1. Of the residues that sit in region 397-424 and are hydrophobic (A, V, I, L, M, F, W, C) and open to solvent by 40 Å² or more (accessible area, probe 1.4 Å), which one is nearest to the chain's Cα centre (by Cα)?
2. I'm told residue 266 meets every condition in (1) within 24 Å of residue 111 (Cα to Cα); (2) among the aliphatic types (A, V, I, L, M); (3) not in a strand (DSSP E or B) except one. Can you identify the failing condition by its number?
3. Inspect all residues belonging to region 473-493 and state whether any of them is modelled with pLDDT of 80 or more, part of a loop (DSSP other than H, G, I, E, B) and over 29 Å from residue 118 (Cβ atoms).
4. Kindly indicate which of 329, 364 is of a type outside the set (A, V, I, L, M), part of a strand (DSSP E or B) and either open to solvent by less than 40 Å² (accessible area, probe 1.4 Å) or touching a Cys at 6+ places or on another chain (Cβ under 8 Å) (or both).
5. Please enumerate the residues belonging to region 27-43 that are crowded, with 20+ Cβ neighbours inside 10 Å and not aromatic (Phe, Trp, Tyr).
6. What is the one condition in (1) under 30 Å from residue 281 (Cα atoms); (2) crowded, with 20+ Cβ neighbours inside 10 Å that residue 317 does not satisfy?
7. Among the residues of region 186-198, is there at least one that is among the small types (Gly, Ala, Ser), more than 21 Å from residue 27 (Cβ to Cβ), open to solvent by less than 20 Å² (accessible area, probe 1.4 Å) and part of a loop (DSSP other than H, G, I, E, B)?
8. Answer yes or no as to whether residue 208 is touching a residue at least 24 places away in the same chain (Cβ under 8 Å), open to solvent by 10 Å² or more (accessible area, probe 1.4 Å), closer than 22 Å to residue 535 by Cβ and hydroxyl-bearing (Ser, Thr, Tyr).
Amino acid sequence: MTAKNDRAELAADQSLGVGNALTTLAAKARGLDLPTLSFDTDVDVEFGGKPAWEDFTLAELDTRVRARAAALHTAGVRPRDPVAVWVTTGADQVLGYLALARLGAIPALMNSHLTPDIAAEYIRRLRASRVLTDTAHRALLAGHETGAPLLDDVAQLGAADPDSAPAPYRHHADEPVVITHSSGTTGLPKAVAHSHHGLFASVRHRLSLPKPQGLNRMLGALPPAHAATVIAVNLALTNRVRLAVLSGQSGPYVLDAVERWRPECVLGFAATWSELAAEDLDSRALDSVRTWWNTGDCAHEAHIRRLVAVGSRDAVGPNGRTTRPGSFFIDGLGSTEMGHSQFFITHTPDTDRYGRCVGKPHAFSRIAVFGPEGERLGPGEVGQLGVSAPTLALGYWNDSVTTHRTRRDGYFLTGDLVYRDEAGFYYHVDREVDSVELPDGKRLFTMMAEERVLAACPAVRECTVVAVREEKPEAESGDGPRPEVTTSVLLMLADGADRDADRTAEVLAALEPHVAATVRRVVVVSPDRIPLGPTGKVRKITLRERFLSGEPLAEPTGVSAG
């Protein structure tokens, strides 16, 4: 069977999904010797596994997963059991998910960087039946009440006999198969339940299309516990391509991995692109990279331009197929709840559609922009993004109230503020919780302000804009307290930039006049002063609380005109 026919057969298989892709492929007994996944850490070396960076064939991967499934089954894990997975490495996250899914249990993958108190409360609210941990996270949970017993250390699971694993569970389309969580930037992460077909829908869609260039060798620089990694694993397995899963996402670590593993495609989040863009990319061996593939928050123009300037790409012209300098950057907008980015746009060194443009919807997406009363908005009108797509999560685990609050007329309300232009392109301007209405009826969009500052100020590596509504003393008119919006612009500078320079005028000139008028301070801060969630997103709610309490972050570089 040709690769084309193999992909078409898998696309048409309605029993296939994120719960059984590996077991289905292994049962077909085709391509068992093809390389599939590799990891940046050793995996079960003492039990016949692989050292770091060495590919598992499909058959070898199936063996390692069956060993883990056998151990978990012996430990009492059964179908429909929600099992929390809090481990360090990408290998343990991915193999834990695959083994639990084989048993029909529901793995609840947890970001390794959660704090112990938040992790324990998250597990308690899951009402998990068991918790799968490694030594480090077992120690972090000591003294915390989770309401669930701990399984044996994950390092011991590979010792079990693979042939003693029970037969694979038969998954059905709308059954919950895996739980991932939101970024937790506004509080406790929300547990999001994904179905067998839902999280596979985008993979099925891609299997029905021609295989794109630059997909044969992928580097997964995504948080291993995120839904995006589950999708990437299934994309790699069903397309019969190689995927290396990283345990860390910092810029230098990812660049080292690119040089070592020589991928054609790098998958990541906006936080990683920001760190990569701050590095000296010209000194790195990045010529293997054809495509940078972003998901989650859309990326900033300043970071995209740095990345597409390196690498190489194939182009077809009058002289046939040629290789040109500069790479592709596939941008979009997604979230855990969306199950996949709902938009796409491809940048090269020659493109110029930025301004937080996330592109056009995928063929499987229906998009609407809602006003405050639920009315549908037209071109140029900013409103809340609504998504109707087969990729959507089932809802929030053990939280039907929040599930139903985020649904309207068959659409999931994402909490993102967007608009579309007359040509059908969509633009992301902010998260609704971070945007502020001004007294004159205009609105301040913090993410769009960050985009403008980064594009206009070359010395700024990263920027965070925080708007706070404060109650001011009684006005002279005697009308009582009046709200006032004050904005702080926090700058992280590129290496070698002058930290003592007054950048206020430069920043204000980049902003729209109604936004610039609210700016109280422009400050240079060290990156370690910016509170981040476990996936690298800025916790603006924490910054707002700090500013309201009067806590300074750094000395201002100048006094604003606002």
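1. Here the residue is 397.
2. Residue 266 satisfies every listed condition except (3).
3. Among the residues of region 473-493, not one is modelled with pLDDT of 80 or more, part of a loop (DSSP other than H, G, I, E, B) and over 29 Å from residue 118 (Cβ atoms), which makes the answer no.
4. Testing whether each residue is of a type outside the set (A, V, I, L, M), part of a strand (DSSP E or B) and either open to solvent by less than 40 Å² (accessible area, probe 1.4 Å) or touching a Cys at 6+ places or on another chain (Cβ under 8 Å) (or both) leaves just 329.
5. Passing the criteria: 36, 37, 38, 40, 43.
6. Unmet condition: (2).
7. There is no residue in region 186-198 that is among the small types (Gly, Ala, Ser), more than 21 Å from residue 27 (Cβ to Cβ), open to solvent by less than 20 Å² (accessible area, probe 1.4 Å) and part of a loop (DSSP other than H, G, I, E, B).
8. Considered against the rule, which asks whether it is touching a residue at least 24 places away in the same chain (Cβ under 8 Å), open to solvent by 10 Å² or more (accessible area, probe 1.4 Å), closer than 22 Å to residue 535 by Cβ and hydroxyl-bearing (Ser, Thr, Tyr), residue 208 comes out as no.
The values are calculated or read from the model by the stated rules, or taken from the named source; none is laboratory data. Just so it is clear, the model here is predicted, and its values are computed rather than measured. Neighbour counts are summed over all protein chains in view; Cβ atoms, including those assigned to glycine, are modelled from backbone coordinates with ideal geometry. Surface areas here come from the heavy atoms of the whole protein model, side chains and all, with no ligands, DNA or RNA. Shrake-Rupley method; radii C 1.70, N 1.55, O 1.52, S 1.80 Å.
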